[in-house]
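A.B. asks: Please read through the structure below; I'll follow up with questions.
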Amino acid sequence: MTKIKTRRDLERLREEGERELFPPHGKILVGMASCGLAAGADKVYIKIAKGLERHGLNFTIGKTACLGFCSREPLVELRIPSGLRLIYQQIDEEKADTLVAAWSRNDLTPEWALCQIQGEKGEPYLLSPALRQISSDRDLNFYSKQRKVVLRNCGLIDPLNIKEYIACGGYFSLYKALQMSPSEIIEEVKRSGLRGRGGAGFPTGKKWELCYRAPGTKKYVICNADEGDPGAYMDRSILEGNPHSVIEGMIIGAYAIGADEGYIYVRAEYPLAVKHLRIAIAQAKELGLLGKDILGSGFSFRLHVFEGAGAFVCGEETALIASIEGRRGQPRPRPPYPVESGLFGKPTVINNVETWANVPLIIAQGAEWFRSVGTPRSPGTKIFSLTGKVKNTGLVEVPMGITLRELIFEIGGGPPEGKQFKAVQIGGPSGGCLPAELLDLPIDYESLTQAGAMMGSGGMVVVDEDTCMVELARFFLEFTQAESCGQCPPCRLGTKRMLEILTRITQGRGKPRDLSLLEELALGVREASLCGLGRTAPNPVLTTLRYFRSEYEAHLEGKCPAKFCRALLAYQIDPELCVGCGLCARACPQRAIFGEKGKPHRIELRLCVRCRACVSACPKGAITAR
Amino acid sequence: MKGDKEGLKLEKVLSRWPREPHNLIPLLQAVQDNFHYLPPEALDEVAQYLKIPLSRVFGVATFYAQFTLSPRGKRHIRICLGTACHVKGGTEIVKKVAEKLGLRPGETSKDLEVSLEIVRCLGCCSLAPVMVIGGRLFGRLTPDKALHLIENFYDQDQNSERS
């Protein structure tokens, strides 16, 4: 391909890309991001490809990434030239065969469809009676409450086809930005009010301005894609589904601050994201969008992919820099901040994946457009990964300021199997657990921090009545304690002591003084730790102590209200239900169950080790925990 | 290195990288890609190649979870215990699989056939609980499904996730 020099060149590629996005003979797409693959999408793809051949159907078959509705994976799309997109859900190999056979008979199989996605003109397509049975994505709660801005091309385009990205307006922002002066770009980003999507919420434009003003000719930009928060995967999804949006954002940022080199630091646990990034960078280079004299502007920029090696603490910016420099990922005190002295001692801007992906949109549509969504202090949208005990798990993009209730109950559908919602854990190990009373809290940086949680990267794990909050706090402490880099004592020792206390409480060995000791330690670790990891590690403990104190107290009295902590459970046999078959006694490894054949048995609790073997063995369901 | 052949292989891996200390991590990753672990002799070679102290190489190799100084099994099983997997019963899967294989998390079988590892979040939380065998991801697991997969799934290419 020849290098792009003019807007006309871009327009030409846009036209080519549009034809590939909506080919005249129709197109089949299989969602093949990591989550699709985990659900078996690769096998479905092969089945469909073979089926199309067998039935002589003249559809193009292609791969796309994630449409966000992960609980319905694998998703298959039928795209008709008029612009209609039909999404089929939970298609396995067997269904794939039947589906292709049905298509060959002009049968759209509406009963397997999830929805139809409306076309550009805003109206759902209602072409035939069969289509009328398929609801529009606007009628699905999961999609109707969302506002897809950053994710709008994920699942639409083939992430490995740069032309399809250009067809959706991609790289036109870069073209526009290169006609602007660096300070004009920084001013626009500042006016947009965009704040860092990695968690802390620092104003992006201000960060750029500080770096722009920092003395020195060599500067760097870095994309933080070390998405370590368990329960968050929006960065993976953007990198897998639309890698060019991040690359374009970084080129614009580099031009604005005067950097000629950049790094994308990706977790090694995301092999597909790394692969897509490398391919996308090579494509951008080939078209002259990266490298020397970009779009004939005289501006040059090199971009590298750096694979992380598995350390949660490297999500902290100074630790990440140390890692790229080839050292242990240990944070250092700030100031100086990276905007003054960052990578190799040079001024550096570090932004998160989602932040970079917002940049081209702001340049294309302006700061006012960006501010029209969200709240005055937290403008724009935010992507959340909704997981755990909720019906519709997946990746959702919503305007800032939406309430937790809307997100969890309207989009997510609430907990499955009629269970009671107990709490939502926001922001990973650095965040907090918020109870049902706070469901009407608007989601923005300030409200969440005030409630004791934090935005974090946007992980949202819903837990129901079966989850023990003390055990959940212990789980997070186990994580942060293991991931503490060990450099500063408050974090290294404090998290260890807190974990010990939490472990003993869940094992029924808690002492009356433990709760106040835990609180004291948590506040100390929060105050005295060097970096964000230690300063936020106590959040899960502090929030559960604040909102679920009664559960802690119950543990001290020898009870686990969620019936989760094994050491605190007492198993008993209901004499009404027991038929005296003796299966439980035979299953018991401790010989702790006594009774005569045909008569109700009983468990000797002093011998019981709570292995639950008897519960599984009982045919009558007579054994329960108390 | 143990044999000349392996020594030559290592030399070839190293020669692809400029001798700059900041290349330490990608270099160690390349070595581990080749040998499936970091042999002690290789650490020495890397230190000499980059002209940095062995202590620094060792420090980095032991800091990051990705690196392992002991050989891993041919079939590397990684079970996720991120938050979503934990809430949805990942712990029970680890327990059952560990029992079945007779290995504790982090261990490798004596015949170097299988190794078991716990990872924190593979980013497939919506299909929790998940695990990876070789390079393949499996989601929506139950203990029985996990055991069945471990018995029946043999990944042809150990490195398919990287290719």
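The values are calculated or read from the model by the stated rules, or taken from the named source; none is laboratory data. Quick caveat, the model's predicted, so the values are computed rather than measured. Cβ: placed from backbone, ideal geometry, glycine included. Neighbour counts: every protein chain shown. Each accessible area value is taken on the protein alone, full model and side chains, heavy atoms only, with ligands, DNA and RNA left out. Shrake-Rupley method; radii C 1.70, N 1.55, O 1.52, S 1.80 Å.
A.B. asks: Go through A:G428, A:G418 for me and flag whichever is buried (at least 18 other Cβ atoms within 10 Å of the Cβ) and on the phi > 0 side of the Ramachandran plot.
C.D. replies: When all the criteria are applied, what remains is A:G428.
A.B. asks: Scan the helices (runs of 4 or more DSSP H) fully inside the range A:174-284 and keep the ones with 2 or more residues being of a type in the set (A, V, I, L, M, F, W, C) and within 26 Å of the chain's Cα centre (by Cα).
C.D. replies: Of the helices (runs of 4 or more DSSP H) lying wholly inside the range A:174-284, those with at least 2 residues that are of a type in the set (A, V, I, L, M, F, W, C) and within 26 Å of the chain's Cα centre (by Cα) span A:234-241, A:243-257.
A.B. asks: Taking A:C488 as meeting all but one of (1) in contact with a Cys (Cβ under 9 Å, 6 or more places away or on another chain); (2) modelled with pLDDT under 95, write down the number of the exception.
C.D. replies: For A:C488, the failing item is (2).
A.B. asks: For the range A:317-366, give me the residue count where each residue is part of a loop (DSSP other than H, G, I, E, B), within 14 Å of chain B (Cβ to nearest Cβ) and in contact (Cβ under 8 Å) with a residue 12 or more places away in the chain.
C.D. replies: Matching residues across the range A:317-366 total 7.
A.B. asks: Okay, moving on. Can you say whether A:R526 is within 15 Å of A:P429 (Cα to Cα), within 14 Å of another protein chain (Cβ to nearest Cβ) and open to solvent by 20 Å² or more (accessible area, probe 1.4 Å), as far as the supplied structure shows?
C.D. replies: Taking the combined requirement at face value, the residue does not satisfy it.
A.B. asks: What about A:L472, is it open to solvent by less than 10 Å² (accessible area, probe 1.4 Å), within 17 Å of A:A453 (Cα to Cα), touching a residue at least 12 places away in the same chain (Cβ under 8 Å) and not charged (D, E, K, R)?
C.D. replies: yes
A.B. asks: Looking at A:Y270, A:Y263 in this structure, which one is aromatic (F, W, Y) and open to solvent by 10 Å² or more (accessible area, probe 1.4 Å)?
C.D. replies: A:Y263
A.B. asks: Follow-up. Filtering the range A:298-312 down to residues that are out of contact with any Asp or Glu (no Cβ under 6 Å at 6 or more places or on another chain) and within 14 Å of another protein chain (Cβ to nearest Cβ), which residue is most open to solvent (accessible area, probe 1.4 Å)?
C.D. replies: Filtering the range A:298-312 for residues that are out of contact with any Asp or Glu (no Cβ under 6 Å at 6 or more places or on another chain) and within 14 Å of another protein chain (Cβ to nearest Cβ), the one most open to solvent (accessible area, probe 1.4 Å) comes out as A:H304.
A.B. asks: Among the residues in the range A:544-563, are any modelled with pLDDT under 95 and touching a strand residue (DSSP E or B) at 6+ places or on another chain (Cβ under 7 Å)?
C.D. replies: yes
A.B. asks: Here's another thing I want to ask about it. How many residues are among the hydrophobic types (A, V, I, L, M, F, W, C), closer than 14 Å to A:P538 by Cα and either open to solvent by 10 Å² or more (accessible area, probe 1.4 Å) or facing another protein chain (nearest Cβ under 9 Å) (or both) when one looks only at the range A:452-469?
C.D. replies: So the answer is 1.
A.B. asks: Scan the range B:48-69 and tell me whether some residue there is at the interface with chain A (Cβ under 9 Å from one of its Cβ atoms), over 19 Å from the mean Cα position of the chain (by Cα) and more than 29 Å from B:A30 (Cα to Cα).
C.D. replies: Looking through the range B:48-69, none of the residues is at the interface with chain A (Cβ under 9 Å from one of its Cβ atoms), over 19 Å from the mean Cα position of the chain (by Cα) and more than 29 Å from B:A30 (Cα to Cα).
A.B. asks: Moving to a separate point now. Considering only residues that are of a type outside the set (F, W, Y), within 7 Å of chain A (Cβ to nearest Cβ) and not in a loop (DSSP other than H, G, I, E, B), which ones fall in the range B:133-147?
C.D. replies: The one that is of a type outside the set (F, W, Y), within 7 Å of chain A (Cβ to nearest Cβ) and not in a loop (DSSP other than H, G, I, E, B): B:L137.
A.B. asks: Does A:G258 satisfy the condition of being farther than 30 Å from A:A473 by Cβ and out of contact with any Lys or Arg (no Cβ under 9 Å at 6 or more places or on another chain)?
C.D. replies: The answer is no for A:G258.
A.B. asks: Tell me, yes or no, whether the range A:369-390 has at least one residue that is within 14 Å of another protein chain (Cβ to nearest Cβ) and not in a strand (DSSP E or B).
C.D. replies: Yes.
A.B. asks: Additional query: Any residue in the range B:72-82 that is over 19 Å from the mean Cα position of the chain (by Cα), modelled with pLDDT under 95 and farther than 30 Å from B:E11 by Cβ?
C.D. replies: Checked against the condition, which is being over 19 Å from the mean Cα position of the chain (by Cα), modelled with pLDDT under 95 and farther than 30 Å from B:E11 by Cβ, the range B:72-82 yields no hits at all.
A.B. asks: Quick check on my filter: what residues within the range B:91-132 are farther than 19 Å from B:E151 by Cβ, of a type outside the set (A, V, I, L, M) and not in a loop (DSSP other than H, G, I, E, B)?
C.D. replies: Correct list: B:T91, B:C125, B:S126.
A.B. asks: Further question: Tally time: how many residues in the range A:209-238 are crowded, with 24+ Cβ neighbours inside 10 Å and more than 10 Å from every other protein chain (Cβ to nearest Cβ)?
C.D. replies: Total meeting the criteria: 8.
A.B. asks: Suppose we filter the range A:70-104 for residues that are assigned to a loop (DSSP other than H, G, I, E, B), under 17 Å from B:G139 (Cβ atoms) and away from chain B (no Cβ under 14 Å); how many remain?
C.D. replies: The number of residues fulfilling the criteria is 1.
A.B. asks: Next question. What tally of residues in the range A:388-405 results from selecting those that are at pLDDT 95 or above, more than 17 Å from A:F69 (Cβ to Cβ) and either touching a Lys or Arg at 6+ places or on another chain (Cβ under 8 Å) or open to solvent by less than 10 Å² (accessible area, probe 1.4 Å) (or both)?
C.D. replies: 4
A.B. asks: Follow-up question, since we're still on this one. Output the residues belonging to the range B:115-137 that are open to solvent by 20 Å² or more (accessible area, probe 1.4 Å) and of a type outside the set (D, E).
C.D. replies: B:I118, B:R120, B:G135, B:R136, B:L137 - these are the residues of the range B:115-137 that are open to solvent by 20 Å² or more (accessible area, probe 1.4 Å) and of a type outside the set (D, E).
A.B. asks: Right, here's the next one. When you scan the range A:409-510 for strands (runs of 3 or more DSSP E) that lie fully inside it, which ones turn up with 3 or more residues that are closer than 20 Å to A:Y233 by Cβ and touching a strand residue (DSSP E or B) at 6+ places or on another chain (Cβ under 6 Å)?
C.D. replies: Output list reads A:421-426, A:459-464.
A.B. asks: Only one of A:A65, A:A38 is under 20 Å from A:Q116 (Cβ atoms) and within 14 Å of chain B (Cβ to nearest Cβ). Can you tell me which?
C.D. replies: Checking each option against the conditions leaves just A:A65.
A.B. asks: Kindly evaluate A:R195 against the criterion of being at pLDDT 95 or above, open to solvent by 10 Å² or more (accessible area, probe 1.4 Å) and in contact with a strand residue (DSSP E or B) (Cβ under 6 Å, 6 or more places away or on another chain).
C.D. replies: The answer is yes for A:R195.
A.B. asks: Return yes or no: is A:L439 crowded, with 21+ Cβ neighbours inside 10 Å and either within 11 Å of chain B (Cβ to nearest Cβ) or under 30 Å from A:L556 (Cβ atoms) (or both)?
C.D. replies: No.
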